[in-house]
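Novice: Pasting in a structure now, in structure tokens, and then I'll have a few things to ask.
Nothing in this text is a laboratory measurement; each read-out follows from the coordinates by a stated rule. For clarity, every value in this text was computed on a predicted model and none was experimentally measured. In this analysis, Cβ positions are derived from the backbone assuming ideal geometry, glycine residues included, and neighbour counts consider all displayed protein chains.
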């Protein structure tokens, strides 16, 4: 199974790809899409869309897991993340790839066995799980890889889609 994780954002969108063969996780790719912050949001979303379509077309994942936006005090930021999430969903649907949504807490629990883990704790666990020697992996990329792994773990326990 080839699993893709997407950590949505309009400034930085994390992308991570992991394969699973006989319960062995294998790192495939990770990157961060970072359109020019000075562009209007519509143009940033367009740039993200173009890049994401190319990535999905290249890797042809079996599933795409997207983090559900966390709504905090900054409504404007939450809306922007929601827009990026929608772009990711449209790109997945363009290739008929099943979409799965996970909350940050679900991902943290799946990776660290602790739902309140810090981003750095998740990053350390991803480096360990994937035997990823490059310690310079960004938090956005490690969050995306965590989403991909979360779905691999989740499919082992349930066939239920989180998108209703």
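Novice: Work out how much length residue 138 to residue 54 would gain on full extension: take 0.36 nm times their residue separation and subtract the Cα-Cα distance, in nm to one decimal.
Specialist: This chain segment gains 28.1 nm when fully extended.
Novice: If you take the Cα Rg of the chain and divide it by 2.2 N^0.38 Å, with N the number of residues, what do you get?
Specialist: 0.96
Novice: Hey, rough spin-label estimate for residue 37 and residue 95, points 7 angstrom out along Cα→Cβ, what's it come to in nanometres?
Specialist: Inter-label distance under the simple model: 2.9 nm.
Novice: Helix 41-59: angle to the longest alpha-carbon principal axis of the chain, degrees 0 to 90, nearest 10?
Specialist: Taking the Cα atoms of the chain, the angle to 41-59 is about 40 degrees.
Novice: I've got another one for you. Measuring from centroid to centroid over Cα atoms, what is the spacing of region 103-134 and region 39-66 in Å?
Specialist: 24
Novice: Please give the helix 75-94 orientation as an angle from the longest Cα principal axis of the chain, in degrees from 0 to 90, rounded to the nearest 10.
Specialist: In the chain, helix 75-94 runs at an angle near 70 degrees to the longest axis.
Novice: May I pose another question? For residue 74 and residue 22, what is the calculated FRET efficiency with R₀ set at 35 Å and r taken between the beta-carbons, to the nearest 0.05?
Specialist: Computed FRET efficiency for residue 74 and residue 22 comes out at 0.20.
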